[in-house]
1. Tell me, please, whether a residue that is over 30 Å from Arg201 (Cα atoms), among the hydroxyl-bearing types (Ser, Thr, Tyr) and assigned to a helix (DSSP H, G or I) can be found in the range 352-361.
2. Determine whether Phe255 is farther than 25 Å from Arg203 by Cβ and either at pLDDT 95 or above or of a type in the set (Val, Ile, Thr) (or both).
3. Mind checking which residues of the range 106-128 are surrounded by 20 or more Cβ atoms within 10 Å (Cβ to Cβ) and among the hydrophobic types (A, V, I, L, M, F, W, C)?
4. Taking the condition of being over 20 Å from Ser89 (Cα atoms) and either buried (at least 17 other Cβ atoms within 10 Å of the Cβ) or polar (S, T, N, Q) (or both), how many residues in the range 181-192 meet it?
5. Looking at Ala278, is it over 16 Å from Phe323 (Cα atoms), outside any loop (DSSP other than H, G, I, E, B) and over 17 Å from the mean Cα position of the chain (by Cα)?
6. Within the range 277-288, which residues are acidic (Asp, Glu), within 20 Å of Leu216 (Cα to Cα) and either surrounded by fewer than 16 Cβ atoms within 10 Å (Cβ to Cβ) or out of contact with any Gly (no Cβ under 9 Å at 6 or more places or on another chain) (or both)?
7. Every residue in the range 313-351 that is assigned to a loop (DSSP other than H, G, I, E, B) and among the small types (Gly, Ala, Ser), please.
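The values are calculated or read from the model by the stated rules, or taken from the named source; none is laboratory data. Predicted model only: the values in this text are computed from it and were never measured. Note that each Cβ is placed from the backbone with ideal geometry, even for glycine, and that neighbours are counted across all protein chains shown.
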Amino acid sequence: MRTSRRDFLARSAFIALGASIGTRSSDVQFTQAPKPRDVPWLGEILTVPPISPARSPTHPRLLIDVSTRTEWDRRRAELEQLWQEMLGSLEVSRTRPPAVRVLEEDRVDEVRRQLVRYESEPGVQTEAYVLSRHQSQGHRPGALVFHSTAPQSIRQPAGLADLPETHFGLALARRGFVAFCPRNFLWPETTRMAADEETRRFRARHPHARGMAKMLFDGQVALDILAARPDVDPERLGCIGHSLGAKEALYLAAFEPRVKATVSSEGGVGISMSNWDAEWYLGPAAKEPGFAREHHELLALAAPRPFLLVGGDSADGAASWPFIAAAQPVYRLYGEPPRLGLLNHGKGHTVPPEMQSRLLEWLDTYV
């Protein structure tokens, strides 16, 4: 969409949020330990799992027919244009990160947690939690953390609600990331979801844009803020999300090259595998005969940046493998191994406690 992807940040822009972080002589300078080239379990997620006929997608178009980088570069441009035309535009320019105001602040052990407010688009206020280690300074990796359809929205990844294994923002901050947890537009308030009402308001402002265009735009605005922080390395940004958040992570990875690595957990990668036809996503046309797009194309658009699809055999799982397999040849055009795979824990629409460390390890390794 015209407003977002190629707008470059004015990195000298002043962002009050985080402008002074740990300036005492006792503060610890953040330094990055040497990274392994790959997660040790990469081979596991590149292995084709058994797929039962009952769970196999019936979509016949899971193919991206290219054999060279030149062919792919041409096809990539075509796909980007087709998706942008389908999603529509908000017709709002992103020229610089919006001003950010800190509303609340507390500390959780070594982590500083701030509730902030900013405009996601002119005249539209939203909020986010920002978490970082308060005794560190210097450029650190950053991550956008998208919440799921949780009653308390951004309080979930910030460690204030829901199960500990969903506290991705808090866990990443403890690992040295600056985590930015933005509120999805379907929540006009942190503890109140109003999907139908907020979608109607959005469509009244932007009648030619679909709901996923709004989610993508909002994710890019959040990334603008994160990348402009003086304590963040704008070359080391990742994103992670579960369920609703996994959908946002998929789209951001596809259309935002600043995202270096992604974790998308149980979003339902195939259009037939989740409620993508909801008005706040792609709308009813997404499941009508003749709809020409599928999400293996978005996986390919993320190449060669590492992308981990996580499933529990609910929204995602063994049936998601054909989407991975369709996009892996594009990844292989950039070299081996393709850092696009499926981690299937088989435990339903959840984040099992033992899986959280793997999801975070993916970002640790590749951001």
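1. Scanning the range 352-361, I find at least one residue that is over 30 Å from Arg201 (Cα atoms), among the hydroxyl-bearing types (Ser, Thr, Tyr) and assigned to a helix (DSSP H, G or I), so the answer is yes.
2. In short, no.
3. Val111, Leu115, Val116, Ala128
4. 6
5. In short, no.
6. Glu279, the sole residue that qualifies.
7. Once the filter is applied, which keeps residues that are assigned to a loop (DSSP other than H, G, I, E, B) and among the small types (Gly, Ala, Ser), the range 313-351 yields Ser314, Ala315, Gly317, Gly335, Gly346, Gly348.
Results for (1) surrounded by 20 or more Cβ atoms within 10 Å (Cβ to Cβ); (2) closer than 20 Å to Val48 by Cα; (3) among the hydroxyl-bearing types (Ser, Thr, Tyr), shown as yes or no for each residue.
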| residue | (1), (2), (3) |
| --- | --- |
| Gly290 | no, no, no |
| Arg305 | yes, no, no |
| Asp316 | yes, yes, no |
| Ala327 | yes, yes, no |
| Leu333 | no, yes, no |
| Leu340 | yes, yes, no |
| Pro353 | no, no, no |
| Thr365 | no, no, yes |
